[in-house]
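Enquirer: Here's a structure for you.
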Ligand SMILES: *Cc1c(COP(=O)(O)O)cnc(C)c1O
C-alpha cells in the first residue's frame, strides 16, 4: 500500500508489509503478514536540546522527529499534552536505586502512557477519514482498564472488553466495569485463554465480516512510541542530579517485552544508558533464551506479579530485529524472580525505606539487588515502577503488613455506576452482542 504522508515509513518484522505511514501502522496494529511494525529509520534526538522544564515539554522534544511530517503534524503536540498530563516522579528508594513511578495516570499502571496517546492518535486519524472502529481487547490485568479509560469518549471509537469472570482481582474488575462512554465490558464465563481465543477468532471468523475491528495490545507501535518518553525523563533526571557524571542502568519489569522494546528504541535514537536489565518472574523465556538461543517459548505460569505472566512474549520478534543476537547480550541482562523472593523484597524495601513497592516493581528491585551481590552490576539504577501498590492490596498486606493508601481515582470508582454483560465463550453469541451494543 502506498502512503500519502511523508515521515519515516514503517515496515513489518516479517518483511512483506512495508512502507506504511505511522497512521496506517497504528490503525492496522498487526501487519498483514503477521509481523510487527518498526520504523525503517530511527530518528536521532539530541539530548542536550531537550527542554526538561516539564514532562510534556520534554516529551514534545523527543517526539518531534517522529511526528513532524506525518499526518499528525498539526495535532500531535496537543494530543501529547492532553494524554500525558500526570506526574512522573523519580524517587530514591535505596542506595543508588531510583524508582521511576509510572503509575500516576488514571488507571494506575504504565499502560496509561501508551493507551491514552494511541487512542487520541487513532481518533485524530478517524476524524479525517470519517471511519468508525471497534477496539476489541481480551484482558486479565492492566491493559483492559488502560484501554477502556484511554479510548472512552473518543469520537469514532467504541471499545469491547472481554475478561474472565472470577479471573481478575476486585480492584481490577471495579476498573473494568465502571461505566464509560463507548465502552462495553463482557464478563466471559470462562478463562483468560477463552477470551483470547474469542479475540483471535473474531479477526478470522466469517460471522464478523463487516465489523470494523481493531486491537490495542502492546504490539501496536502507537503504544510503544509514547513509552519511550519516561525512559528519557528518568534517565536525564539522574544524569542531571549527578552533574552529568553518571549514566544509569535501567531495570524493566517485563512480560510481553513491549516496555523494554520502547526503552531500546529510545536508546537507539540517542538516549544515554549504561545498559538494560529485563526483570522477569517465573515466566522466564527471555532469561533462558539469553543463555541458550535455541530455547523455546514456555507455557504461562501464574504468579503474584500477574501482569508479567507471559510465556510467549509478543514483542520478542521486534526486539530481535532491533538488536541482533550478538548485540542483545551486550545491551541487555536478564533474571527471573520467584514469588517468594518478590514478597521478601516487598517486606525488606518497606522495612528499610518505608516504601511500598507493588509486586511488579519488587521483581525489578530484587533483580538489581541480586545482580549487585553477584558483582554483575554497579552504578545508579533506575527501576521502572509499572503499577501502583494499591492495585494489589492483598499482596501488600501479605508482604509488608500494610494496606497501601487508596488513591482518589480508585476510591471514586467505588461509587461510580457500573455496567457489564455476562456471556458464554461462544463466538456467534459474542458477534451478536457486539452488533447489538455498538449498533455497527
Ligand atoms: C503490562 C505490565 C508489565 C509488562 O510489560 P510488558 O510491556 O508486557 O513487558 C509489567 N508490569 C505491569 C504492572 C504491567 O501492567
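No lab work stands behind these numbers, since they all come straight from the coordinates. Keep in mind that this is a model prediction, so the values were computed, not measured. Reconstructed Cβ throughout: ideal geometry from the backbone, glycine too, with neighbour counts over all protein chains shown.
Enquirer: Over segment 68-164, what is the relative contact order in whole percent, taking alpha-carbon pairs under 8 Å and six or more residues apart?
Expert: On the way: 129 pairs, mean separation 24.3, N = 97.
Relative contact order comes out at 25 percent.
Enquirer: Sort segment 1-40 into rounded, prolate or oblate with this rule: let a ≥ b ≥ c be the square roots of the eigenvalues of the Cα gyration tensor; rounded if a/c is under 1.5, and if a/c is not under 1.5, prolate when a/b is larger than b/c, oblate otherwise.
Expert: prolate
Enquirer: Still on this model: Quick one: which of 126-134, 142-150, 209-217 comes out on top by average Cβ neighbours within 10 Å, and what's the full order, highest first?
Expert: Details: 126-134: 14.2, 142-150: 27.2, 209-217: 16.9.
Going from most to least packed, we get 142-150, 209-217, 126-134.
Enquirer: Per residue of the chain, what 222 nm ellipticity follows from adding -39500 (n - 2.57) for every DSSP H run with n ≥ 4, rounded to the nearest 500?
Expert: Helices in the chain give a 222 nm mean residue ellipticity of -12500 deg cm²/dmol.
Enquirer: If you take the beta carbon distance between residue 292 and residue 378 as r and set R0 to 25 Å, what does 1/(1 + (r/R0)^6) give as a FRET efficiency, to the nearest 0.05?
Expert: E(calc), rounded to 0.05, equals 0.40.
Enquirer: While we're here: Is the shape of segment 382-421 rounded, prolate or oblate, going by the alpha carbon gyration tensor and its root eigenvalues a ≥ b ≥ c, with a/c under 1.5 for rounded and a/b larger than b/c for prolate? Write out the running numbers ahead of the final one.
Expert: Working: a/c = 2.25, a/b = 1.71, b/c = 1.32.
Since a/c reaches 1.5 and a/b is larger than b/c, the shape of segment 382-421 is classed as prolate.
Enquirer: Which of the peptides 239-245, 389-395 is most tightly packed, and how do the rest follow, going by the mean number of other Cβ atoms within 10 Å of each residue? All intermediate terms of the calculation are to be shown ahead of the outcome.
Expert: Numbers: 239-245: 11.7, 389-395: 21.6.
Ranked from most to least packed, the peptides come out as 389-395, 239-245.
Enquirer: In what sequence do 180, 116, 330 fall when counting other Cβ within 10 Å, fewest first?
Expert: Ranking 180, 116, 330 by Cβ neighbours within 10 Å, fewest first, gives 330, 180, 116.
Enquirer: For segment 256-367, rounded, prolate or oblate, judged on the Cα gyration tensor with a ≥ b ≥ c (square roots of eigenvalues), a/c < 1.5 rounded, else prolate if a/b > b/c?
Expert: oblate
Enquirer: Pairs of alpha-carbon atoms within less than 8 angstrom and 6+ residues apart define the contacts here; what relative contact order does segment 1-40 have, in percent?
Expert: 44
Enquirer: Relative contact order for the chain: what is it in percent, counting Cα pairs under 8 Å that are at least 6 residues apart?
Expert: 17
Enquirer: Taking 0.36 nm per residue of separation and subtracting the Cα-Cα distance, what length does fully extending residue 95 through residue 53 add?
Expert: On the way: separation 42, 0.36 × 42 = 15.12 nm, distance 2.64 nm.
The span from residue 95 to residue 53 would gain 12.5 nm if fully extended.
Enquirer: Also, quick follow-up: Take every DSSP beta bridge whose two residues both sit in the chain, then give the antiparallel share in percent to the nearest 5.
Expert: 25
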